[in-house]
Amino acid sequence: MNSHSILRVVAKFMIPFIFLYALYVQFHGDFGPGGGFQAGVIFAVGFILYALIYGIDEARRVLPAGLTRTLLSLGVLLYAGVGGLGIYLGGNFLNYSVLSSHPVSGQHLGIFLIEFGVGTTVAATMITIFFIFAGQDR
């Protein structure tokens, strides 16, 4: 893949914008279309593009299998932890109103944390599936 310098230059230019757009979709999910699932897929697409252009081994060096598995677990734990915290603070599972003294602030905080957990889990899952199909999930 070293002979495809145009692809490498275009990818080097585009990948940061893909990641930036994933962050925009992640943090704009409270106020409009978007959220954790869409942002996770967009982030994974940016990383998969990196792996396709620069090679699977280089991508695995940047993001080892242990790290993707840790991110998978942390995303699910964040989601479940926010739900459990709602129960602990006297509300229902995933009742965000109890997360803050002001119910609207609690709703915003809860949605932010849940969407971040979903985005983390989806991105790590998509990247893991890609590496499994590529035969490089060690």
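Please treat every number below as a calculation from the coordinates, not as lab data. Everything numeric in this text was worked out from a predicted model, so none of it was measured. Note: ideal-geometry Cβ built from the backbone for every residue, glycine included; neighbour counts use all protein chains shown.
A compact table of results
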{"quantity": "Crossing angle, helix 36-54 versus the chain [Cα axis fit, 0-90 degrees, rounded to tens]", "calculated": "20"}
{"quantity": "Folded to 0 to 90 degrees: helix 5-28 orientation relative to the chain principal axis, Cα", "calculated": "0"}
{"quantity": "Volume per residue that the Cα convex hull of segment 1-40 spans, once the total is divided by residue count, Å³", "calculated": "62"}
{"quantity": "Two-site FRET efficiency, S73 against F93, from Cβ-Cβ distance with R₀ of 22 Å, rounded to 0.05", "calculated": "0.65"}
{"quantity": "C-alpha long axis of helix 103-134 to longest principal axis of the chain, angle in °", "calculated": "30"}
{"quantity": "Ordering of 77-84, 57-64, 108-115 by burial proxy (mean other Cβ atoms within 10 Å per residue, highest first)", "calculated": "108-115, 77-84, 57-64"}
{"quantity": "Average Cα contact separation per residue, segment 5-134, under 8 Å, 6 or more apart, as relative contact order %", "calculated": "30"}
{"quantity": "Tail beyond 21 Å, pair distance distribution of the chain (Cα, percent)", "calculated": "50"}
{"quantity": "Extension gain, A65 back to Q107 (0.36 nm per residue minus Cα-Cα distance, nm)", "calculated": "11.7 nm"}
{"quantity": "Helical contribution to [θ] at 222 nm, DSSP H n ≥ 4, -39,500 (n - 2.57), averaged over the chain, rounded to 500", "calculated": "-26500 deg cm²/dmol"}
